[in-house]
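Presented below is the structure to which this report refers.
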Amino acid sequence: MKLGIRVLLGYFLIVGLAGIFIQRVFLAEVKPAVRQAMEDTLVDTANILAELAADDMKQNRIADGNFANRVREYGHRDINAKIWGFRKTTLDYRIYVTDLKGIVLFDSTGRAVGQDYSRRNDVYLTLQGNYGVRSTRDVDNDDRTTVMHVAAPIIDNGKMIGVLTVAKPNNTLQPAISQSERTILRWGGLLLVLSLAVGLIVTLWISRSLGALQRYARAVSAGERAQPPTKGASEIVELGRALETMRQKLEGKQYVEQYIHSLTHEMKSPLAAIQGAAELLDEDLPEAQRRRFAHNIRSQSQRLAELIEKMLALAAIEHRQTLENIVTIDTGKLLEDLVTLLEPRLRQAQVTLQIDNASQLPALRGELFLLRQALLNLLENAIDFAPPASIITVRAESDAAGMVTLVVTDNGPGIPDYALARVFERFYSLPRPHSNEKSTGLGLCFVQQVAQLHHGTITLSNRSNGGAEARLNLPAAQA
């Protein structure tokens, strides 16, 4: 199971359990809270009515006096009240009065007159001087028929002369309780949905950060240029920076070891040639041989200088992860400048460099110095292999993806099949048709690094009608 799913499930489980627990607590508190409010109201009502009934009770006319008549009239009132969205059309109080022996003297319903209520908690506790209250079912084993009774003493001159009880069915408050429960369930469900949404967002955020870190690690493992993630959780960003620092240190150590080994290997041949020629120059040689050995020393020294210069340039670009000084480049003008720079070499090689539609070439987006050096290497490579009196052509192709491909073609011997897969290797070089000297083998490697740094590609292949074709794919400038 992926980490993101685990985080989501764990988060939702915790929030879900907390939500369900809170919901159950609320549901468990709704009914007691409503009944507590009702009981509080019944206490006030019972005590007010006990005061109003005191005069009739003292005069022994509680069953047919003014108080009884007013209570009976209360029961026949028409009412149509809308209370918090509920329609109330009935009056639900039941009122009865007992004497000090618990015998019912008056009952607003008329059903309990003459009965002994002395053992009923509301009457019994009140007669004992305590708070009298009870909740009794009208139908056994049916909690929906419970009725709450609250009693109050009838006092005359500080002496109890009777008990008045006010009763109200609990089910009259059931609609309010049910609505509260539905509201709690509805909002509880919404809370769970919102919790799931928040958990999903947090999980996606963490997964995205981890995914960026994972892609960075894979790119580094594949030897690609990559930047550590800069957005997301701060811990993941910091981890990415730590990995980048570790990668740079490891690569730096390996890079130095590899370059020292490669440079030592490549310098052996010219150094040996220089040493041999220098030893021979100490001998008494004819002037022609002396000049030839001196020329060898100069050419090998130049090769060493070129090798070191190109290795420094390659080392600088291989360690870069991003471009600097990105500008829009006029491709036509850049190629014209390179033609001017290469004019002596073109004249010496008796080769013509032709640029197709130089004024209409699409502009490039990148680092001018690097692209200039990359194109210079491609053109120099083409000049080295082009036969005399031939034409080197440069053209551009655009695609819908916003990329421009610069195509450099020559009419030389092409690339041997065995070398096609190795032409971009460091220090790999093919013999020039018109010279016995080898190149440094770093030019095409430099071009490949520049292309990758610009998120482009470089390919080298043979043409069907002879010669080689280099295709440098680079991002075009936005219109």
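Shape verdict for the range 61-138, please, from the Cα gyration tensor: rounded (a/c under 1.5), prolate (a/b greater than b/c) or oblate. Display every interim value, and only then the final one.
Working: a/c = 2.60, a/b = 1.51, b/c = 1.72.
Since a/c reaches 1.5 but b/c is at least a/b, the shape of the range 61-138 is classed as oblate.
If you roll a 1.4 Å probe over the heavy atoms of the protein chains, what accessible area per residue do you get for the range 59-153, in Å²? Show your work: numbers first, answer last.
Details: 6080 Å² over 95 residues.
For the range 59-153, the solvent-accessible area averages 64 Å² per residue.
Under a crude label model (7 Å from the Cα following the beta-carbon direction), how far is Leu204 from Glu73 in nanometres?
In this crude spin-label approximation the distance works out to 6.9 nm.
Please work out the C-alpha center-to-center distance from the range 75-99 to the range 381-411 and express it in whole Å.
Using only Cα atoms, the two centres lie 100 Å from each other.
Explain nothing, just the number: dipole magnitude of the range 384-437 about its Cα centre with +1 on each Lys and Arg Cβ and -1 on each Asp and Glu Cβ, in debye rounded to the nearest 20. Before the final figure, lay out the partial values.
Details: 4 positive and 7 negative charges, 16 e Å.
So the dipole magnitude of the range 384-437 works out to roughly 80 debye.
If we count every other residue with Cβ under 13 angstrom of Ala167's Cβ, Lys/Arg +1 and Asp/Glu -1, where does the sum land?
Details: positive: Arg94, Arg111, Arg120, Arg134, Arg137, Lys168; negative: Glu39, Asp92, Asp107, Asp122, Asp138.
With Lys, Arg at +1 and Asp, Glu at -1, the net is +1.
Among the listed pairs Lys101/Lys168; Lys31/Lys168; Lys31/Lys82; Lys31/Lys159, which have their C-alpha atoms separated by more than 27 angstrom in this model?
Values: Lys101/Lys168 23 Å; Lys31/Lys168 15 Å; Lys31/Lys82 21 Å; Lys31/Lys159 37 Å.
Long pairs (Cα-Cα over 27 Å): Lys31/Lys159.
Between Thr183 and Ala419, with labels modelled 7 Å along Cα→Cβ, what's the label distance in nm to one decimal, could you check?
8.7 nm
Tell me which of Ile79, Asn66, Thr98 sits at the most positive position along the dipole axis of the range 64-120, charges placed on C-beta atoms (Lys, Arg +1; Asp, Glu -1).
In the range 64-120, that residue is Ile79.
Once neighbouring chains are kept in place and the probe is 1.4 Å, which whole percent of the accessible area of the range 17-168 is contributed by carbon and sulfur? Mind dumping the intermediate values first?
Numbers: 4660 of 9310 Å².
So the carbon and sulfur contribution to the accessible surface is 50 percent.
May I ask which residue of Ile154, Gly211, Leu196 lies farthest towards the positive end of the charge dipole of the range 147-219, with charges of +1 (Lys, Arg) and -1 (Asp, Glu) on Cβ and the Cα centre as origin?
Gly211
So what is the accessible area of the range 339-378 per residue, in Å², with the probe set to 1.4 Å? Numbers along the way, then the final one.
On the way: 2230 Å² over 40 residues.
Averaged over the residues of the range 339-378, the accessible area is 56 Å².
Multiplying the sequence separation of Gln348 and Glu397 by 0.36 nm and subtracting their Cα-Cα distance, what value in nm do you get?
Values: separation 49, 0.36 × 49 = 17.64 nm, distance 3.00 nm.
In short, 14.6 nm is gained.
If you take the charge dipole of the range 107-154 about its Cα centre, with +1 on Lys and Arg Cβ and -1 on Asp and Glu Cβ, which of Tyr124, Thr136, Ala112 is farthest toward its positive end?
With unit charges placed on the Cβ atoms, the residue in question is Tyr124.
Note down the magnitude of the dipole of the range 56-157 about its Cα centre, charges +1 on Lys and Arg C-beta and -1 on Asp and Glu C-beta and zero elsewhere, to the nearest 20 debye. Before the final figure, lay out the partial values.
Numbers: 16 positive and 14 negative charges, 52 e Å.
Its charge dipole is roughly 260 debye.
The values are calculated or read from the model by the stated rules, or taken from the named source; none is laboratory data. It should be emphasised that the depicted structure is a prediction, and the values quoted were computed from it without experimental measurement. Because the Cβ atoms are built from the backbone with ideal geometry, glycine has one as well, and the counts that use them run over all protein chains shown. When the accessible area is computed, the model is the full protein with side chains, heavy atoms only, and any ligands, DNA or RNA have been set aside. Shrake-Rupley method; radii C 1.70, N 1.55, O 1.52, S 1.80 Å.
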